[in-house]
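Colleague: Here's a structure for you.
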Amino acid sequence: MVNLSIINKKLSIIIILALLLSGCFSPMLLETQPDCKLITKELKLTVSGEGTEVLFKGMLEGLLEPSAGCHSPECFLLVPLGLLAVSVTSIIVSGSIVVLGNTVHWIEREGRCYNSHTRNVINNLLNPVKNIGGEVIESANSLSTWFKQNLSTNF
């Protein structure tokens, strides 16, 4: 014989868990300082109010309306689990977009901005070379020019 109070407790825990974790997540653009002109923007993961409202409304309609035909414990279990599945899918997809977008933004910032950490490290390595009379070759064109000048004078 199945104990209905245990099933009801488990069911209510699952519904509460689904309500706590549910929501539609979306990437949001952050305002950045205009220290250098970048094409990409920094992103942040946020909970979308409109999407969460639609999810809750759909769940409540599925659980409470008699016309929905949800009278069995299995039906009461499917609606919150569906809500949880939508929420988890939303956070995985939107989280991936945020991580990828912020990675591209970081790479662009490090390459374009003069006050980036990577540029500061490179400058700290190149300045002593320049101070002792060394030459820094920054492009393939300048490397080609350097070879033409130095090879023509040696031969």
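The numbers here are math on the coordinates, done by the rules we state, and not lab data. These numbers come from a predicted model, not from an experiment. Using ideal geometry, Cβ is built from the backbone for each residue, glycine included, and neighbour counts are taken over all protein chains shown.
Colleague: In segment 101-155, which residues are in a loop (DSSP other than H, G, I, E, B) and under 30 Å from residue 28 (Cα atoms)?
Modeller: 113, 114, 115, 116
Colleague: Quickly run through segment 80-89 and pick out the residues that are out of contact with any helix residue (DSSP H, G or I) (no Cβ under 6 Å at 6 or more places or on another chain) and over 27 Å from residue 42 (Cα atoms).
Modeller: 81, 82, 85
Results for (1) among the hydrophobic types (A, V, I, L, M, F, W, C); (2) surrounded by 12 or more Cβ atoms within 10 Å (Cβ to Cβ); (3) closer than 26 Å to residue 44 by Cβ, shown as yes or no for each residue.
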site	(1), (2), (3)
91	yes, yes, yes
95	no, yes, yes
98	yes, yes, yes
106	yes, yes, yes
112	no, yes, yes
117	no, no, yes
121	yes, no, no
134	no, no, no
138	no, no, no
